[in-house]
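Right, one structure below, let's go through it.
Here, each number is a calculation from the coordinates, and none is a lab measurement. Just so it is clear, the structure is predicted and the values come from calculations on it, not from any experiment. Every residue, glycine among them, receives a Cβ derived from its backbone with ideal geometry; neighbour counts consider all protein chains shown.
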Amino acid sequence: MTALGIDYGGTHTKFLLVSDEGEELARDTAPTGGIDELGERVERFVASSPADTFGLTIAGTLDAATGVVGRSANLPWLDGTAPAAALSQRLGIPGTAVQDGEAAALAEARLGAGRGSDDVFVVALGTGIAGAHVSRGSVRRGAHGAAGEVGHMRVATNGVLCSCGQLECLETAIGGHQLAARWVERGGSAAAGATAVDVVRAAAAGDEPARTALDDAARALGRAILEVSALVDPELIVIGGGLARSPEWTVRPAVERARASATFHTVPEIRLATLGVWAGARGAAEAVRRV
């Protein structure tokens, strides 16, 4: 049975086809659009790469029993809908919605940096910040399916209102577009549509506002690591996503800050994810391939 993993992200959507044996067969990326546009792009993808089933990531809260999205801060048109059911009807194949943090965590825990550990907390740094706790191969979803929302921990000190309605969430400091916005606020000369990649490049070239924005982001991520350590006490933390591809500016200084600030906390081993930005798509495929 071939399984299609669809990582429906805040900026880009990734499509990954996996065989019954777990072999990658095809992949593609497209800018994220509305649910109708997603349907059109999936139809084009499966026209040349047929799938028997699909998993669709949801960037937000999800009722796993019904497939209905509770709240998606970055894709608000999904609120209150069952996108996997709508896509399944359109494609004529079964599909399942998977919370995006859960999908990335499953992939990294089973196949990536967390392999061999029974207790892994995975953080994915992207446009939004996702997280999930994998214990003995299964994700701990919580009583209402919202566990692991590390991106909405109040750990920043920037006074910025998050898309979720709270002030100073982790996402306001290190989310992809948010990081670029913090750079501009500090005097950076960013072009329209600047991304986190632009911030890192500017910092590497010696731009002080970019370095300040990244320092604030690393401080917030370090606080989040401490919070996860205190609340979950995982054996291992794995950090991935687009911003983790520049660990010298993000992950490494955050880990240093977390260890320096720890009091009663046991900060566990922290590894960089190995599946890269494709972890969400691979995890979505895994979620349905193993059913």
>> Less than 9 Å Cβ to Cβ from D216, Lys/Arg counted +1 and Asp/Glu -1: what total charge do the surrounding residues give?
In response: +2
>> Can you tell me which of H12, H144, H152 moves the most in a GNM of the chain? Springs connect C-alpha atoms under 10 Å apart.
In response: H144
> Taking every DSSP beta bridge that has both residues in the chain, what percent is antiparallel when rounded to the nearest 5?
Replying inline: 60 percent
>> Can you compute the FRET efficiency between R259 and W77 using 1/(1 + (r/R0)^6), with r the Cβ-Cβ distance and R0 = 41 Å? Round to the nearest 0.05.
In response: 0.50
> Assuming a viscosity of 1.306 mPa s and a temperature of 10 °C, what translational diffusion coefficient in µm² per second does Stokes-Einstein assign to segment 32-157, Rh being the Kirkwood radius over Cα pairs?
Replying inline: 103 µm²/s
> Can you list the GluC sites (Glu not before Pro) in segment 228-259 that are in a DSSP coil and have 15 or fewer other beta carbons within 10 angstrom?
Replying inline: E235, E248
> Where does the charge balance sit around G60 when Lys and Arg score +1, Asp and Glu -1, over other residues with C-beta under 10 Å from its C-beta?
Replying inline: -2
> For the chain, with equal point scatterers placed on the C-alpha atoms only and solvent neglected, what are the log10 I(q)/I(0) values from the Debye formula at q = 0.08, 0.09, 0.12, 0.16 1/Å, to two decimals?
Replying inline: -0.31, -0.40, -0.72, -1.24
> If the viscosity is 0.692 mPa s and the temperature 37 °C, what Stokes-Einstein diffusion coefficient in µm²/s follows for segment 230-291 when Rh is the Kirkwood radius over Cα pairs?
Replying inline: 246 µm²/s
> Which net charge results when you count Lys and Arg as +1 and Asp and Glu as -1 among the other residues whose beta-carbon is under 12 Å from that of V232?
Replying inline: -3
